[in-house]
Structure formats: C-alpha cells, structure tokens
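First comes the structure, then the notes that go with it.
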C-alpha cells in the first residue's frame with residue numbers, strides 16, 4: 001500500500017547507502033534529492049549520482065560533528081515540536097499523491113468544477129467546506145486526504161502517533177542537531193548585506209519574470225446534447241467491441257487499440273482501484289448494479305456513463321475499492337450539434353451581459369461554482385481561450401467555448417495588467433538564496449577541514 005511505503009521511507013528500517021561515522025545516509029534521502037531535481041532515478045548519469053551522494057555525505061558530516069559537540073542538546077520538547085511538522089510533511093506529500101493519482105485514474109477534467117467537486121467528495125471531504133473561491137481549498141483537501149490515509153495506515157499497523165515518533169526519533173534528532181549546528185557555527189559566518197541583495201537584483205533584473213496579467217473569471221457551463229445519430233454511432237461501436245471480446249479477442253489488446261481514454265489505454269485499460277462511492281456517484285443505479293454483479297475476470301455490457309460508453313473488466317472486487325479496466329467510447333456531439341448549441345447559447349450570453357450571476361443560476365449546470373478565481377494569463381494554455389481573452393477587460397462576457405461536451409461562457413470580473421517585478425517583491429527570495437549559497441560554501445569548507453577525522457563508508 002502506498003501509505004505504508006511512504007511511512008517506511010521515513011523509518012530507519014530501509015536501506016542505508018552510506019554512513020558518516022554512525023550517521024546513515026538513507027536510500028529514500030537519495031531518492032528525494034534525485035526527484036527534487038526532476039531526474040529519473042532509474043536513468044541517472046554516474047557523475048550526477050556521485051555528486052548527489054557527495055552532497056548528502058557533507059550534510060551528514062555536519063550531523064556527525066554536531067553529535068560530538070557536547071554543547072548541542074536536543075530536548076524532548078524540541079522532538080515533539082519537530083514531530084508535528086515532520087508528520088505534517090508526510091501527510092501533505094501523501095495527500096497530494098493520492099488526490100492527483102485518483103484525478104488521473106478517473107480522467108478528471110481540472111477545468112470542470114463539477115468533476116473536481118465529485119473528486120473531492122469521493123474522499124469524504126465535507127461538502128459544506130467546498131468553496132472554490134477559497135484560495136486555500138486545495139491545501140485543505142490535500143491535508144484532509146493525507147491525514148485520513150496516514151491515520152488509517154497507523155491503525156492498520158497497530159501503531160500510535162507516539163510510537164511512530166519514537167521509531168523515527170533518531171531521524172528527527174539528527175535534523176534538529178543539523179539546524180542547531182548551522183545556527184551556532186555556520187550562520188555567524190554568513191554576512192549578506194542589503195547592498196549584496198540589491199546588486200544581485202540589478203545584475204539579474206532580466207531573469208526575473210514580469211508579474212503576469214491576471215484574470216478573475218466566472219463561468220456558465222452549458223451541456224451540448226449529442227444527436228441521436230451520434231449516440232447510436234457510439235453505442236454500435238461499443239457493442240461491436242464487446243462482441244469481439246466475447247468471441248475471444250484480448251480485452252487488453254482491444255483497449256489499447258480502441259479506447260479513447262489515452263491514459264488507461266496504454267495500460268490495457270487499467271484504471272487501478274476506484275472507491276465504490278465514486279462509481280455510485282458517476283453512474284446510474286442500473287449501471288452501478290451491472291458493475292457490482294459482474295464476477296472477477298468478467299466484462300460488462302456497454303454501460304452509458306456521463307461522457308460515453310464504457311466496457312469494464314472487473315479485476316478485483318475485494319474491499320471498499322474495485323480494480324477495473326475500461327474501454328471508453330465517447331459520445332461526441334457532431335459539428336452540427338455544436339453549431340446548434342452555440343446558436344442557442346446566444347440567448348444566455350445576452351442575459352449574462354445584463355446580469356451574469358442571475359444567468360448562471362438560471363442556465364448553468366454548475367450554478368454553485370460560478371467563480372473560477374484568479375488565473376494568470378501565462379497559465380492559460382488553451383489557444384482558443386488565449387485568443388478570446390486577448391484584449392479583454394473587466395466586465396467583458398466572452399464565448400462560448402466548446403470543451404469536452406460543454407459550452408463555456410466566461411466573464412472577466414476583474415483584470416490586473418502585467419507589471420515589472422519590483423525589488424521589494426523578490427528581496428526576501430534573493431536574500432534567502434544568497435544565504436543558502438554562502439551556507440553551502442561554509443559547509444564544504446568545514447567538511448574538508450574535518451574529512452580526515454570522519455569515517456565515511458559508501459555502499460552505493
């Protein structure tokens with residue numbers, strides 16, 4: 001289980017790739033360093049690997065020196081205070097992974113607030129706490145998901161929070177000692193002045209991006225109804241694929257060849273484990289019953305879902321989640337269907353120009369999620385949307401845009417023009433960067449001074 005994997009990564013029971021005196025360099029620390037640089041651990045240049053290992057060994061040398069310093073002590077209060085942040089980091093990383101993994105497996109459109117809401121609710125997040133105007137909503141959801149998974153894993157292991165802290169005490173103590181050594185011996189040697197910071201800013205002014213233009217956008221989402229001909233075309237396609245599988249064709253081969261869900265198609269249609277509650281929310285009662293009544297290894301008849309037809313293969317039904325494979329055949333509106341829907345949307349646009357909120361409540365399929373919030377212009381990758389917003393100003397009602405079976409009407413509620421980065425905006429960022437560079441230089445110097453007194457072993 002993923003949660004167990006992450007928890008194990010934080011314990012001393014995992015592989016040790018080097019030691020400095022008795023201070024271990026853990027394999028997970030090496031992996032963290034590699035992935036934080038955006039590198040692939042399985043395809044690493046030996047010179048890069050050696051450089052990362054050398055950096056980790058230098059850090060551990062500081063901890064080894066700190067342990068030999070009788071003036072540096074770690075109190076129980078410090079351990080407990082540090083443990084709170086230590087666990088919080090695990091919870092956040094775990095929650096982020098679980099949230100975005102499920103979003104990917106369910107093909108959630110991150111521009112569709114209805115799909116996002118269903119995703120959030122699938123983790124039992126309180127519905128009355130979902131407010132898309134809240135800039136901290138994502139962090140709240142991540143922490144909620146991560147804490148729930150972390151607590152469940154501790155329960156499964158029969159371990160309390162205090163026992164987890166005790167098992168990881170040496171790691172936390174090492175990190176606290178490292179910080180104390182830096183504060184006592186390294187930081188007093190660091191002298192970054194205001195002039196240093198300003199000179200860096202002036203000499204690197206062109207490397208600081210301009211503050212991008214920002215749009216505060218609102219939306220009205222209108223469904224585009226496919227014609228009967230399009231519906232029948234997709235159904236007959238799905239029915240023929242089902243017939244061929246029943247006749248002996250490989251399900252996985254058919255998924256790779258015909259499924260329009262590109263992510264799962266590459267894996268033979270594998271969606272991974274999906275909570276039953278998500279399936280209930282995504283399909284009609286009859287469709288849900290058909291999935292649940294299909295034995296392991298069996299396939300369902302074509303099932304109509306929100307966006308098209310699905311032929312599921314039930315891999316594993318144990319527990320609260322079901323492992324499924326899927327062949328997805330979308331029901332796509334024809335160009336004529338889209339053109340007709342755009343013509344009908346003109347009435348909505350006229351009303352939206354008079355009162356956008358009123359029109360949204362009347363016509364939108366997502367009337368509770370009108371606000372999209374502040375969006376940087378540079379973050380908009382969609383060419384048609386970029387073209388639509390070019391030159392737009394506050395109060396403009398734009399569209400409609402066609403996206404995945406829906407028409408979207410936008411309103412620019414607020415527009416913030418771009419501006420040059422000011423020194424005050426990046427002063428702290430530059431200062432911290434210069435301090436880090438100086439600290440790294442001093443650590444390297446300390447390491448070289450004490451190298452002969454350290455016992456360094458590499459096993460990797």
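Collect the residues in the stretch 359-392 that are over 14 Å from residue 212 (Cβ atoms) and in contact with a helix residue (DSSP H, G or I) (Cβ under 6 Å, 6 or more places away or on another chain), keeping them in residue-number order.
Result: 359, 363, 366, 367, 369, 370.
Taking residue 180 as the residue in question, decide whether it is surrounded by 14 or more Cβ atoms within 10 Å (Cβ to Cβ), in the same structural domain as residue 315 (by TED's automatic domain parsing), on the phi < 0 side of the Ramachandran plot and out of contact with any strand residue (DSSP E or B) (no Cβ under 8 Å at 6 or more places or on another chain).
Working: surrounded by 14 or more Cβ atoms within 10 Å (Cβ to Cβ): yes; in the same structural domain as residue 315 (by TED's automatic domain parsing): no; on the phi < 0 side of the Ramachandran plot: yes; out of contact with any strand residue (DSSP E or B) (no Cβ under 8 Å at 6 or more places or on another chain): yes.
Judged against the criteria, residue 180 is not a match.
For residues that are free of Cβ contacts under 8 Å to residues at least 60 places away in the same chain and assigned to a loop (DSSP other than H, G, I, E, B), scanning just the stretch 381-408, find the one that is nearest to the chain's Cα centre (by Cα).
Top of the filtered list is 381.
Looking only at the stretch 70-91, count how many residues are surrounded by fewer than 17 Cβ atoms within 10 Å (Cβ to Cβ) and closer than 20 Å to residue 150 by Cα.
6
Answer yes if at least one residue in the stretch 109-128 is assigned to a helix (DSSP H, G or I), assigned by TED's automatic domain parsing to the domain that holds residue 163 and more than 18 Å from residue 306 (Cα to Cα), and no otherwise.
yes
Results for (1) assigned to a helix (DSSP H, G or I); (2) modelled with pLDDT of 90 or more, shown as yes or no for each residue.
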residue: 17; (1), (2): no, no
residue: 73; (1), (2): no, yes
residue: 82; (1), (2): yes, yes
residue: 93; (1), (2): yes, no
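Taking residue 345 as the residue in question, decide whether it is surrounded by 14 or more Cβ atoms within 10 Å (Cβ to Cβ), assigned to a helix (DSSP H, G or I) and touching a helix residue (DSSP H, G or I) at 6+ places or on another chain (Cβ under 7 Å). Reasoning before the result, please.
On the way: surrounded by 14 or more Cβ atoms within 10 Å (Cβ to Cβ): yes; assigned to a helix (DSSP H, G or I): yes; touching a helix residue (DSSP H, G or I) at 6+ places or on another chain (Cβ under 7 Å): no.
So residue 345 fails the test.
Within the stretch 372-420, track down each residue that is more than 30 Å from residue 336 (Cα to Cα) and exposed (fewer than 12 other Cβ atoms within 10 Å of the Cβ). Step through it out loud before you land on a result.
Going residue by residue through the stretch 372-420, those that are more than 30 Å from residue 336 (Cα to Cα) are 373-379, 393-395, 413-420.
If the condition is that a residue be more than 30 Å from residue 336 (Cα to Cα) and exposed (fewer than 12 other Cβ atoms within 10 Å of the Cβ), then 379, 393, 417, 419, 420 are the ones that fit.
Of everything in the stretch 275-332, what is in a loop (DSSP other than H, G, I, E, B) and within 25 Å of the chain's Cα centre (by Cα)? Give them in sequence order. Outline the logic, then answer.
Taking the stretch 275-332 and keeping what is in a loop (DSSP other than H, G, I, E, B), we get 283-284, 294-298, 300-302, 305-307, 317-320, 331-332.
Across the stretch 275-332, the qualifying residues are 306, 307, 320.
So that you can scan it fast, the table gives a plain yes or no per residue for (1) touching a residue at least 60 places away in the same chain (Cβ under 8 Å); (2) more than 24 Å from residue 231 (Cβ to Cβ):
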residue: 256; (1), (2): no, yes
residue: 259; (1), (2): yes, no
residue: 305; (1), (2): no, no
residue: 309; (1), (2): yes, no
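Which members of the stretch 25-47 meet the condition of being within 24 Å of residue 442 (Cβ to Cβ) and either modelled with pLDDT of 85 or more or assigned to a helix (DSSP H, G or I) (or both)?
Within the stretch 25-47, 25, 29, 30, 32, 33, 36 meet the criteria.
How about the stretch 129-139: which of its residues are surrounded by 13 or more Cβ atoms within 10 Å (Cβ to Cβ) and either part of a helix (DSSP H, G or I) or not assigned by TED's automatic domain parsing to the domain that holds residue 105 (or both)?
137, 138, 139
In the stretch 348-357, what residues are in contact with a helix residue (DSSP H, G or I) (Cβ under 7 Å, 6 or more places away or on another chain) and more than 18 Å from residue 224 (Cβ to Cβ)? So that I can check it myself, show each step before the final result.
Here is the first cut: in the stretch 348-357, the ones in contact with a helix residue (DSSP H, G or I) (Cβ under 7 Å, 6 or more places away or on another chain) are 348, 351-352.
Hit for the stretch 348-357 is 351, nothing else.
Name the residues in the stretch 446-460 that are under 18 Å from residue 68 (Cβ atoms) and surrounded by 11 or more Cβ atoms within 10 Å (Cβ to Cβ), would you?
If we filter the stretch 446-460 for residues that are under 18 Å from residue 68 (Cβ atoms), which is where we start, we get 446-457.
446, 447, 448, 450, 451, 453, 454, 456, 457, listed by residue number.
The values are calculated or read from the model by the stated rules, or taken from the named source; none is laboratory data. Note that the structure is predicted; figures quoted are calculated from it, not measured. Positions of Cβ are generated from backbone atoms using ideal geometry, with glycine treated the same way; all protein chains shown enter the neighbour counts.
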